[in-house]
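Below is one structure; the comments refer to it alone.
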Amino acid sequence: MKLPISWLLKWVRVDGDAEMIAEALTHRGFYVEGVEVHGHAYPGVVVGLVVEVQKHPNADKLSICRVNDGNQELRVVCGATNVRAGMLAPLATVGAVLPGGMEIKKSTIRGEASEGMLCSARELAISEDHGGILDLAAHFGRDDLAPGERVSELFGPPEEVLEVEIPFNRPDGLGIIGLAREVKAALGGEWTNAARKRLTARPDPGAGFDLEISDTEGCPRYFAWIIENVQVGPSPGWLRNRLEAAGQRSINNVVDATNYVLFEFGQPIHAFDLDRVSGEAIRVRRAEPRERLTTLDGKDRMLGPEVLVIADLEKPLGLAGIMGGADSEVTHRTTRLLLEVATFDPRRIRRGSRFLGLTTEASKRFERGVDPGAVPASADRFVDLMAEISPGLRIGPGRFAGGPPQTPRPIVLRIPRCTRLIGMPVTPAEAARRLTALEFGVRGSDPLEVTVPSHRVDVAIEDDLVEEVARGIGYDAIPAAPVGAGATRATRSPRERAIVAARQAMLARGFLEATTTSLVSGGEAKHAAGLTGMLADRLMQLQNPMSREGEVLRPNLAPGLLRACAYNLRQGASSVRLFEVGNGFAWGEDGETHPIETLMIAAVVTGARFAHAHDATQAGADFADARGLWEAWLEEMGVDTPEWRSYSAAGWKPGASAEVAVAASRVGWAGTLGSSLLREWEIEAPIHLFMAHLAPILEAQPAKVRASLPGRFPPVRRDLAFFVPASVTYDRLERSLAEGAGERLSSVELFDVYTGPGTPDGMKSMAFALQLMHPERTMTEDEILVIHDRIVAVVAKDCGGRLRER
């Protein structure tokens, strides 16, 4: 908001210049972005009386004027078409310097001498109007201007204007009076005598107007007042200048007066042409469905029940709190006004403004909340202004409908709490003084009983009062405290620590953590649910989704990770390793209607086998590589002997999926995704997915982690390959190897699976690297041969396999 300093000083008396006022406002939370200077000094420019105008003998578009400057008559060549005898115009004499830097010199134009220049509004830098010479009598609305009078005295000294940023929760700052209260409290000023009179004005319009409010919730108070014998015309110069300094262009004296009150009180008001109000009656109501209104901006608007309207007995006249209608607009033919000063519900105005897509200076203020107690004073101020700029008007009957502003209950302010929150000692006397300076009512000592004034709609609780005391003291005066001083250190629960460990274990294996949306499309949700065998009727559908891409709560974490994976692949990433920890959502089983949230972890792998290798030609990761990463994660999470069992469901690649079980409980799923599922996300690369329920994994973690020392003696490696039936799984064969090797087996790794030529029918070849180790000595060859024979025997017995000879 623009704050002209001269306008501010009409309301408060303070000792301080514009810089001090700007600093005071900034320290109290109203940040001043800058100081502008409006207007100029105009040295050497005086009021000139045009005595005579003659045609230039050598130029068709020029005139020769005799101009009285108060001391003598000067000869001035002029090109304006509106110059005339008897006109009072700004005369720049020889030696004058105009705002643009032009210096006036005596010159000869087309053979005729010119001893000055008659100026337009643009040459004086008061507007962009360059259509002719500025008529000072019309501009200032005065006929008593004397030739020779300094133009700078007419326009006044240059105006300093502050550009103030108003916090959203401080609607009182959208008026000169609200900022004046802050300046008065900060600099120890006081209201001027005229301000005290205006703030306490309580006019009585009587009850002679037909006014009815059908929506009292949307409009708690409405003040209507008839004003007759109005002369609509240009506003006087002082009014135009003051509005222009506040950023508002002049329209006519009536509209300018309403805008003047808006900027002064922060209270939007409106004036209707009473002769265009059917039945001379006002009805405040909601708009009818498909009702239409042409607003002042010339647009025809379709209304609805969300919109509050001001109507007469036949039609809507305006959008309440937003904009008036063109059918009741004040024009140069208007002689009778109906003044509207009202209070509207902020929520109703906000909904109407959003419904229409229309925001105005009035709606900005009503949406935040205006002072409900300012209605009478605002009406009185408008009448006083009109009486000054339109002499001869007559005040007719009016009416006030609605009750007085609701008096808020007193708020108790405890001084110990005030001291604790601010961080420095505060006495009851100081707190009372700071609040009283802002016009709060204060009683008592400790605690204080504080009455909130009507213009502070943002103050509702005790902590709001603490903030007002802190602002009064000054934030810069509050001593700094060390970070964390007096704070309680937060501790994580065992469950939270386990979740952090799950994340760290994934990060340690080269995965990056993703955070994806919980809302997915219906197609994504059905494909993801099929991976775990969930039925479609358990999906949680939103009743009013914002888009088709977010109409279902995700059943698991697969949709979001696949979206992120697809995006990375489209951006040219050759390898993607992502994981996420979050909730899956579903309706309960067996007809239960309550929703279930399941804490899960999921990870995807695609691309290069080794995440940190620089070899661009390395082979892509297959399911065995991905499984190794997930097994390592399970091992770090303390999962004891997880069982990988064959699993088949929609969405997985046939023969390349498994379920993970701990004891007798299934905790997860893993495998390579099928191409039909990947088409839903437009992915063509092979994707390996792992999903697990975190809760049972966390519960299965051992209470104590046991560590074993590494062996001091070198291990012995033996590579063994077996022909086994094609139906034998890796887990089954691994268990047989472990049983045959016994306690000397330190590790086993599958490094080859072969089904090509040379393989017996119905069989496959699986090759393992086994490491054998004795904790106390180096193993002998005889010991290794015994273990070798025992392994071959167990595999033959349990798996129907036989050793593959070279």
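The values are calculated or read from the model by the stated rules, or taken from the named source; none is laboratory data. Nothing here was measured: the structure is a model prediction, and the numbers come from that model. Reconstructed Cβ throughout: ideal geometry from the backbone, glycine too, with neighbour counts over all protein chains shown.
Tabulated data
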quantity: Single match in Phe713, Phe768, Phe751, Phe722 (criterion: part of a loop (DSSP other than H, G, I, E, B), surrounded by 11 or more Cβ atoms within 10 Å (Cβ to Cβ) and of a type in the set (Phe, Trp, Tyr)); calculated: Phe713
quantity: Enumerated helices (runs of 4 or more DSSP H) restricted to region 404-488, each holding at least 1 residues that are in contact (Cβ under 8 Å) with a residue 40 or more places away in the chain and under 25 Å from Val12 (Cα atoms); calculated: 428-437, 462-473
quantity: Selected residue [out of contact with any Pro (no Cβ under 8 Å at 6 or more places or on another chain), of a type outside the set (Lys, Arg) and closer than 22 Å to Pro775 by Cα] from Leu677, Leu737, Leu689; calculated: Leu737
quantity: Given (1) under 30 Å from Asn253 (Cα atoms); (2) at pLDDT below 90, index of the condition Arg394 fails; calculated: (2)
quantity: Search result, residues across region 150-202 that are farther than 20 Å from Arg13 by Cα, surrounded by 21 or more Cβ atoms within 10 Å (Cβ to Cβ), modelled with pLDDT of 90 or more and more than 29 Å from the chain's Cα centre (by Cα); calculated: Val151
quantity: Residues within region 272-295 that are more than 28 Å from Gly208 (Cβ to Cβ) and out of contact with any Pro (no Cβ under 9 Å at 6 or more places or on another chain), tallied; calculated: 3
quantity: Region 190-215 - residue that is out of contact with any Gly (no Cβ under 8 Å at 6 or more places or on another chain), in a loop (DSSP other than H, G, I, E, B) and not basic (Lys, Arg) and, of those, farthest from Val277 (Cα to Cα); calculated: Thr192
quantity: Lone unmet requirement of (1) of a type in the set (Gly, Ala, Ser); (2) touching a residue at least 40 places away in the same chain (Cβ under 8 Å); (3) under 30 Å from Gly70 (Cβ atoms) for Gly175; calculated: (3)
quantity: Residues of region 661-696 satisfying the condition of being part of a strand (DSSP E or B) and either more than 45 Å from the chain's Cα centre (by Cα) or of a type in the set (Phe, Trp, Tyr) (or both); calculated: Ala661, Val662, Ser665, Trp669, Phe690
quantity: Residue match in region 27-40 (condition: closer than 30 Å to Arg142 by Cβ, of a type in the set (Gly, Ala, Ser) and in contact (Cβ under 8 Å) with a residue 40 or more places away in the chain); calculated: yes
quantity: Any hit, region 266-273, residues being in contact (Cβ under 8 Å) with a residue 60 or more places away in the chain, among the polar types (S, T, N, Q) and either in the same structural domain as Ala342 (by TED's automatic domain parsing) or within 18 Å of Phe366 (Cα to Cα) (or both); calculated: yes
quantity: Pair list, Cβ under 9 Å, 6 or more apart: region 495-510 residue touching a residue at least 40 places away in the same chain (Cβ under 8 Å), other residue of a type in the set (Gly, Ala, Ser) and assigned to a helix (DSSP H, G or I); calculated: Arg495/Ala695; Ala505/Ala632; Ala508/Ala632; Arg509/Ala632
quantity: Among the candidates Ser328, Ser390, Ser353, residue that is closer than 29 Å to Lys197 by Cα and not assigned by TED's automatic domain parsing to the domain that holds Val457; calculated: Ser390
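Results for (1) in a helix (DSSP H, G or I); (2) of a type outside the set (D, E, K, R); (3) surrounded by 13 or more Cβ atoms within 10 Å (Cβ to Cβ), shown as yes or no for each residue.
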{"position": "Gly510", "(1), (2), (3)": "no, yes, yes"}
{"position": "Ala525", "(1), (2), (3)": "yes, yes, yes"}
{"position": "Asp537", "(1), (2), (3)": "yes, no, no"}
{"position": "Phe585", "(1), (2), (3)": "no, yes, yes"}
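Conditions (1) part of a helix (DSSP H, G or I); (2) touching a residue at least 40 places away in the same chain (Cβ under 8 Å), marked per residue:
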residue: Val330; (1), (2): no, yes
residue: Glu340; (1), (2): no, yes
residue: Arg348; (1), (2): yes, yes
residue: Phe355; (1), (2): yes, yes
residue: Thr359; (1), (2): no, no
residue: Ser363; (1), (2): yes, yes
residue: Ala374; (1), (2): yes, yes
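Residue-wise test of (1) aliphatic (A, V, I, L, M); (2) under 28 Å from Met637 (Cα atoms).
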residue	(1), (2)
Gly711	no, yes
Pro725	no, no
Gly740	no, yes
Gly762	no, no
Glu783	no, no
Val792	yes, no
